[in-house]
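Only the coordinates and a few stated rules stand behind these numbers; no lab work does. Bear in mind the structure is a predicted one, so any value in this text is a computation, not a measurement. So basically every Cβ, Gly included, is an ideal-geometry build from the backbone, and we count neighbours across all protein chains shown.
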Amino acid sequence: MGFSRLVRVLILSIMPAISNKPYRVGRSKTGLGLFATKPIKKGTRIIRYFGPILDSRIPAHDEIENKYLFELNGRWTIDGSVRKNLARYINHSCRPNAESDVRPRERKVFIRAIKNIEPGDEINYDYGTDYFKAYLKPIGCKCDSCEKKRKKLRAEARAERAKVKARSERKAEKAGAKGLENKAAKKKKLNGHAVGKAGARA
Ligand SMILES: [Zn+2]
């Protein structure tokens with residue numbers, strides 16, 4: 001075993017927890033996000049979404065408000081705003097590659113891959129319609145799927161405007177051509193009358 005290989009083995013054995021994680025926090029379009037660092041197979045449990053469990057029947061708990069609250073059911077909610085909960089960095093997508101596996105009885109949530117995820121891919125799950133309506137719809141969802149849809153709509157609108165413009169230009173051209181014909185015709189007539197008029201004026 002070469003020295004560098006030995007060092008690598010030692011490092012890997014000292015930090016198994018770090019090297020085993022298939023994700024890292026990184027920059028995304030909307031701030032930070034969670035990205036795969038290794039291939040993640042469809043069906044794999046990627047990370048647990050965790051934090052203090054809040055009981056809505058306790059007024060002090062019910063007053064807690066932050067955007068990392070994960071409702072388990074009518075009563076229990078996970079406050080995922082704690083620093084160690086890296087799953088809080090996972091952004092929403094309308095066409096995600098992961099999903100939340102909610103287990104109210106165990107009061108646990110896991111994020112699980114629903115597609116094969118490649119290293120470098122951002123990990124996303126669908127936050128659900130309530131969250132979408134409350135937080136994303138008003139500002140416009142920035143997920144890849146929605147960005148693509150918006151791009152397509154913009155392209156279609158552009159194409160439609162171009163079509164309308166081309167049509168009106170053709171119309172204007174035709175009208176212009178007709179105008180010239182009319183002018184030419186009028187000129188002839190005017191030329192015809194010109195003599196008489198000039199003569200009348202003189
Ligand atoms: Zn979206």
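A few points about this structure:
- Positions within region 112-161 being surrounded by fewer than 11 Cβ atoms within 10 Å (Cβ to Cβ), away from the ligand (no atom under 16 Å from the Cβ) and either touching a residue at least 12 places away in the same chain (Cβ under 8 Å) or not basic (Lys, Arg) (or both), in sequence order: 120, 155, 156, 157, 159, 160
- Residues satisfying the stated conditions in region 71-110, i.e. under 21 Å from the mean Cα position of the chain (by Cα) and closer than 14 Å to residue 51 by Cα: 86, 87, 88, 89
- Residue ID - surrounded by the most Cβ atoms within 10 Å (Cβ to Cβ), chosen from residues in region 69-94 that are of a type in the set (Lys, Arg) and under 20 Å from residue 25 (Cα atoms): 88
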